[in-house]
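*Asks:* First the structure, then my questions, so here it is.
Laboratory data are not the source of any read-out in this text; all were calculated from the coordinates shown. All values reported here derive from a predicted model rather than from experimental measurement. Every residue, glycine among them, receives a Cβ derived from its backbone with ideal geometry; neighbour counts consider all protein chains shown.
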Ligand code: ITT
């Protein structure tokens, strides 16, 4: 089965590809010849995820999926949440976003946070969503060079390393994205059996 992954984020593609079984062929927007900035205008991950997959489905008529992810920090009432990419402004700078996060958490003992991913799958125009959550905490200073986004300041529950100190397989043992993708793969496997 061929599926277009409606994302312009290369890191997401790298993380997701090894998690899909061999009979699910992931096609990137680039491979599909699509060069477009997909807007995310809504207030929830669920609506943005559907907006992205719907935009690509309407453009191509092909089965596709997208995902929207947010970092939800307890002491900041769930912020940056749906605004995670643009937390420190339109430049979407990972460094500036982390800096703003650490400043907003200065002096705060409650460092609990979670990543939440919502995948929106469109098959023959019909949507199904899958959620993945990873609980953890925000540390005081950046650690590690791998990954992207907030990875250098996030330690998942059950480990002592930040996501940026892990390789792809290690991050996927815990990650929100891997958990949502497992559900997607299980759904696609049973979908194939029934169609
Ligand atoms: P697409 O919409 O093209 O898929 P995006 O980068 O805009 O890509 P999101 O809106 O889903 O993706 O992501 C919001 C931000 O959340 C992203 O820019 C990162 O800063 C952060 N983020 C998402 N997943 C992350 C992860 O696994 N680790 C660390 N930060 C992450």
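*Asks:* How would you rank 185, 118, 153, going from fewest to most other Cβ atoms within 10 Å of each one's own Cβ?
*Replies:* 185, 118, 153
*Asks:* Is the shape of the chain best called rounded, prolate or oblate, per the rule: a/c under 1.5 gives rounded, else a/b larger than b/c gives prolate, else oblate, with a ≥ b ≥ c the square roots of the Cα gyration tensor eigenvalues?
*Replies:* Verdict is prolate for the chain.
*Asks:* Kindly express, to the nearest 10 degrees and within the range 0 to 90, the angle between helix 176-194's C-alpha long axis and the longest C-alpha principal axis of the chain.
*Replies:* Helix 176-194 and the main axis of the chain meet at about 20 degrees.
*Asks:* According to the square roots a ≥ b ≥ c of the eigenvalues of the Cα gyration tensor, what is the shape class of the stretch 90-140, taking rounded for a/c under 1.5, prolate for a/b larger than b/c otherwise, and oblate for the remainder?
*Replies:* Because a/c hits 1.5 or more and a/b fails to exceed b/c, the stretch 90-140 counts as oblate.
*Asks:* Then there is this: Quick check: the angle from helix 94-104's long axis to the longest principal axis of the chain, C-alpha only, nearest 10 degrees?
*Replies:* Long axis of 94-104 versus the principal axis of the chain: about 50 degrees.
*Asks:* Can you classify the stretch 114-176 as rounded, prolate or oblate using the Cα gyration tensor, where a ≥ b ≥ c are the square roots of its eigenvalues, rounded means a/c under 1.5, and otherwise it's prolate if a/b beats b/c and oblate if not?
*Replies:* Verdict is prolate for the stretch 114-176.
*Asks:* What is the distance in Å between the Cα centres of the stretch 1-47 and the stretch 126-180?
*Replies:* Each part reduced to its Cα centre gives a spacing of 19 Å.
*Asks:* Between 182, 145, 46, which gets the highest mean-square fluctuation from a Gaussian network model of the chain, Cα cutoff 10 Å?
*Replies:* Maximum among the listed residues: 145.
*Asks:* Using DSSP, restrict attention to beta bridges with both residues in the chain and report what percent are antiparallel, rounded to the nearest 5.
*Replies:* 80
*Asks:* For helix 45-60, what angle does its Cα long axis make with the longest principal axis of the chain, in degrees from 0 to 90 and rounded to 10?
*Replies:* 30
*Asks:* Hey, another quick one. Contour minus end-to-end for residue 133 and residue 13, with contour as 0.36 nm per residue of separation and end-to-end as the Cα-Cα distance?
*Replies:* In short, 41.4 nm is gained.
*Asks:* Let me ask something else about it. What number, rounded to the nearest 500 deg cm²/dmol, is the helix-based mean residue ellipticity at 222 nm of the chain, given -39500 (n - 2.57) per DSSP H run of at least four residues and division by all its residues?
*Replies:* Value at 222 nm, helices only, nearest 500: -9500 deg cm²/dmol.
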